[in-house]
Amino acid sequence: MTTPGGPDQPALTRSLAAKTARRPRRQPEPLAASSPVARVLVDVPLPHLDRPFDYHVPESMADTAVPGARVSVRFAGALHDGFVVERAGSSDHPGRLTRLRRVISSEPVLAPEIADLARAVADRYAGTVADVLRLAVPPRHAKTEAEESGTAPLPPPAPDPGGWLEHEDGVALLTALTQRRTPRAVWNPGPAAAWPELLARLVAATLAGGRGAVVVLPDARDIERVDSALTGLVGPGHHVVLAAELGPSERYRRWLAVRRGAVRAVVGTRSAMFAPVADLGLVAIWDDGDDLHAEPRAPYPHAREVLLLRAHQQGTAAVVGGFARTAEAQQLVSSGWAHETVPPRDLVRATAPVVRVSGDDYEQVRDPAARTARIPSLAWRTAKDALQHGPVLVQVARTGYVAGLACQRCRTVARCTSCHGPMGMARGGGEPECGWCGQAGWTCPACGGSQVRLTTPGVRRTAEELGKAFPGVPVRVSRGDAVVSAVESAPALVVATPGAEPVAHGGYAAALLLDGQAMLTRTGLHAGEEALRRWLMACALVRPGPQGGHVVLVAEPSASPVQALVRWDPAGFAERELADRRLLRFPPVARVAELFGEAEDLAALLRMAELPSGADLLGPVPAGEDGTERAVIRVPRRFGLQLATALKAAQGVRSAKHSGGPVRVRVDPVDLG
């Protein structure tokens with residue numbers, strides 16, 4: 001049919017067919033002559049696809065698609081990025097292989113040992129390698145890749161022991177690092193120890209032995225102190241700082257210098273736990289109980305556990321340090337995996353401030369309100385005297401602490417009598433109920449009381465109240481959104497939330513630790529451990545007792561963390577805490593998985609999961625007003641990997657079937673409560 005005034009369609013069709021027939025068919029590009037198969041970790045965070053996939057390597061990409069390079073591939077009908085983890089001569093895949101689409105960058109950013117670590121972390125936390133690699137390898141900046149990174153400087157000389165002379169086995173630890181051996185230590189310095197300098201000497205000793213080091217710290221203030229100490233000890237060029245505050249481009253530049261071997265040591269926050277340091281000889285973490293070490297993105301790994309995995313896989317030394325000692329660190333000592341390195345007791349007593357508890361019997365006689373007042377008379381008297389000699393630190397409970405329940409009569413923390421989970425107020429009032437298994441009602445095991453009270457701390461007006469009580473004395477506030485790094489030695493009141501305490505030049509003359517009982521009765525497994533850790537960190541900023549340093553703690557005198565603070569005995573407290581965890585089957589002697597999701601989705605996942613023998617399922621219980629539910633699964637530690645594998649397999653079945661909504665899985669969460 002011919003349209004008037006238009007072309008003859010049949011004629012056009014015949015002409016096009018003739019041209020197509022004459023055009024030669026394009027031949028596919030030959031494959032790489034050597035190792036034509038690339039195994040690629042594709043950036044697809046679905047559990048059932050958590051494995052490498054094979055692709056053919058065209059000849060044009062033979063020299064650029066190297067192990068560790070970023071590539072683009074077609075996967076399930078769409079383009080995805082990925083990393084080449086291996087080149088091989090053949091594939092076990094029975095079907096036809098797709099070719100790599102392009103090499104994004106030939107820079108081998110994924111080191112083999114980091115790929116192995118990512119797999120171990122994914123298995124440990126019931127996650128996927130793709131999620132771990134997003135944490136481990138920063139986004140690419142092409143312009144930065146084109147820059148030269150230089151060469152690594154010569155190793156510095158071995159440092160002198162310095163403050164390690166005051167630690168039992170401290171000199172032996174430094175010597176072992178210098179000699180390229182792999183000591184493993186749990187380290188608790190004394191109250192007045194210059195811990196940044198001590199940590200810097202560990203890194204310097206490792207560098208002197210020709211190996212690299214990774215040091216992970218909670219926040220930017222700690223990084224600044226260790227960075228300064230390390231630069232002063234070994235000079236510039238031996239280490240870099242990796243922190244989010246640097247910005248994407250600068251952080252990638254420094255990260256590349258590490259990957260290329262131009263820098264041998266890294267100091268940073270939790271993201272530095274994956275730093276690809278060549279010939280790694282030491283992994284170290286400071287203040288491992290700080291919740292900033294817990295990654296808030298899937299699969300929610302903890303920096304301490306990642307570093308310990310690295311130490312195991314790569315055969316490195318490991319140091320877990322802090323003024324406090326976690327139950328997890330104590331388990332390393334109890335199992336023989338690590339040895340403790342601490343100062344002798346006589347030195348601890350000589351350098352610790354004098355600690356008094358406001359509610360002890362002596363103060364109870366002088367002040368009947370000593371156990372109930374938020375700022376008892378002992379605190380007022382101590383602050384007044386200390387302000388004549390220097391600044392006074394006032395630690396108040398952090399805004400946003402979740403209030404727990406305690407016995408109205410004796411203040412014993414309320415925990416479930418069945419599963420030992422945290423008790424909370426039921427919605428709409430009524431009896432307390434367990435946040436884990438849902439059991440309602442509670443009777444105090446200490447005094448038999450059944451009435452409970454909330455432990456909400458009042459912290460908003462502390463600075464204002466102190467300012468009125470001490471007219472003419474400067475009052476400074478340091479908190480999470482406005483942290484003050486340091487203060488002078490002049491008299492002043494410094495009100496700070498835990499973790500935001502400034503360093504005082506010459507040390508504080510005194511410290512008032514308010515809201516102690518509120519911190520002890522928080523919900524959560526780590527409430528007592530966390531309270532002691534915060535107190536020890538604050539007390540370490542106070543002058544030694546012989547120099548007039550005093551601390552007043554407002555809390556119940558008989559509480560175990562309070563007694564540990566008075567004696568400055570973090571190891572003893574950690575040992576008792578670990579024994580209690582063992583008795584109650586809590587982490588770290590058990591592994592716990594916490595699941596959140598819609599009721600139907602959570603029930604479906606639990607039906608599919610083949611849980612290990614002896615697993616305890618607590619819940620599900622309501623976790624919100626939107627229908628979300630929460631379940632807790634507890635297994636003996638030796639079955640931890642089986643639990644993670646079972647949950648990941650069930651997640652994989654659901655993702656393969658596109659079944660229902662998501663269920664969030666967290667293994668050993670730090671805020672379990």
Legend entry - residue 148/residue 659 FRET efficiency (R0 60 Å; Cβ-Cβ; nearest 0.05): 0.75
Legend entry - Potential extension, residue 598-residue 231 segment - 0.36 nm per residue separation minus Cα distance: 127.0 nm
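Could you tell me whether the range 49-132 comes out rounded, prolate or oblate from its Cα gyration tensor? Rule is a ≥ b ≥ c as square roots of the eigenvalues, rounded for a/c under 1.5, then prolate if a/b exceeds b/c, otherwise oblate. List each step's numbers first, then the result.
Values: a/c = 1.75, a/b = 1.39, b/c = 1.26.
Taking the square roots of the gyration eigenvalues as a ≥ b ≥ c, the range 49-132 is prolate.
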Inset, instruction - Starting from one equal scatterer on each C-alpha and no solvent at all, send me the Debye-based log10 I(q)/I(0) for the range 85-143 at q = 0.16, 0.21, 0.23 Å⁻¹, two decimals. - result: -0.72, -1.03, -1.08
Inset, instruction - Quickly work out the residue 63-to-residue 489 label distance, labels modelled 7 Å from Cα along the C-beta direction, and quote it in nm with one decimal. - result: 6.5 nm
Legend entry - Charge dipole (the range 201-285, unit charges on Cβ, about Cα centre) - positive-most of 208, 240, 230: 208
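Take the Cβ-Cβ distance between residue 547 and residue 245 as r, set R0 to 51 Å, and report the resulting FRET efficiency rounded to the nearest 0.05.
Details: r = 35 Å, r/R0 = 0.69.
Calculated value: 0.90.
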Inset, instruction - Mind grabbing the base-10 log of I(q)/I(0) for the range 476-597 at q = 0.09, 0.23 Å⁻¹? Debye formula, identical points on the C-alpha positions, no solvent, two decimal places. - result: -0.31, -1.34
Legend entry - Charge dipole of the chain about the Cα centre (unit charges at C-beta), most positive-ward option of 172, 307, 535: 307
Inset, instruction - Give the cross-link partners of residue 384 among the aspartates and glutamates, using a straight C-alpha distance below 19 Å as the criterion and excluding same-chain residues fewer than 8 apart. - result: 363, 367, 464, 465, 488
Inset, instruction - Using every pair of alpha-carbon atoms in the range 519-650, split the distances into 10 Å bins beginning at 0 and state the percent of pairs per bin, rounded to integers. - result: 11, 30, 24, 20, 11, 3, 0
Inset, instruction - Compute the Cα gyration tensor for the range 113-173, then decide on rounded, prolate or oblate, letting a ≥ b ≥ c be the square roots of its eigenvalues: rounded whenever a/c is under 1.5, prolate when a/b is larger than b/c in the other cases, and oblate in all that remain. - result: oblate
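Provide the per residue accessible area, probe 1.4 Å, for the chain, rounded to a whole number of square angstrom. List each step's numbers first, then the result.
Working: 29520 Å² over 673 residues.
Value for the chain: 44 Å² per residue.
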Legend entry - Bins of 10 Å from zero: percent of alpha-carbon pairs in the range 577-673: 16, 48, 29, 6, 0
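Classify the range 631-673 from the C-alpha gyration tensor, please: rounded if a/c falls under 1.5, else prolate or oblate depending on whether a/b exceeds b/c. If you can, show how the numbers build up before the last one.
Working: a/c = 3.27, a/b = 1.56, b/c = 2.09.
Oblate shape, in that a/c is at least 1.5 and b/c is the bigger or equal ratio.
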Inset, instruction - Quote the FRET efficiency, to the nearest 0.05, computed for residue 279 versus residue 172 with a Förster distance R0 of 22 Å and r equal to the Cβ-Cβ distance. - result: 0.50
Inset, instruction - Mind giving me the nanometre distance, one decimal, between the label points for residue 584 and residue 105, set 7 Å out from Cα along Cα→Cβ? - result: 4.7 nm
Inset, instruction - Pop a pseudo-label 7 angstrom from the Cα along the beta-carbon direction at both residue 410 and residue 80 and give the gap in nm to one decimal. - result: 5.7 nm
Inset, instruction - Any chance you could get the radius of gyration and Dmax over the Cα atoms of the chain, in Å? - result: 29.6, 114
Legend entry - Rg in Å to one decimal, and Dmax rounded to a whole Å, for the range 174-318 via C-alpha atoms: 14.0, 39
Legend entry - Alpha-carbon spread of the range 181-253, three principal axes, descending order, Å: 37, 30, 22
Legend entry - Residue (of 514, 94, 658) at the positive-pole extreme of the chain, dipole from beta-carbon charges: 94
Inset, instruction - Would you tell me the accessible area of residue 346, worked out with a 1.4 angstrom probe on the heavy atoms of the protein chains, in Å² to the nearest 10? - result: 100 Å²
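Between residue 291 and residue 165, 0.36 nm times their residue separation minus their Cα-Cα distance comes to what?
42.3 nm
Out of all DSSP beta bridges with both ends in the chain, state the antiparallel percent to the nearest 5.
Details: 51 of 100 bridges.
Of those bridges, close to 50 percent are antiparallel.
Working out 0.36 nm times the residue gap between residue 98 and residue 563, then minus their Cα-Cα distance, what length gain in nm do you get to one decimal?
Values: separation 465, 0.36 × 465 = 167.40 nm, distance 6.58 nm.
Working it through step by step, the gained length comes to 160.8 nm.
How big is the dipole moment of the chain about its Cα centre under a simple scheme where the beta carbon of each Lys and Arg is +1, that of each Asp and Glu is -1, and everything else is neutral? Debye, nearest 20, please.
Values: 77 positive and 70 negative charges, 308 e Å.
Magnitude of the dipole: close to 1480 debye.
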Inset, instruction - Would you kindly find the accessible area of residue 341, with a 1.4 Å probe and non-protein molecules such as ligands, DNA and RNA excluded, rounding to the nearest 10 Å²? - result: 10 Å²
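The values are calculated or read from the model by the stated rules, or taken from the named source; none is laboratory data. On a predicted model such as this, the values are computed, not experimentally measured, just so you know. Note: ideal-geometry Cβ built from the backbone for every residue, glycine included; neighbour counts use all protein chains shown. Surface areas here come from the heavy atoms of the whole protein model, side chains and all, with no ligands, DNA or RNA. Shrake-Rupley method; radii C 1.70, N 1.55, O 1.52, S 1.80 Å.
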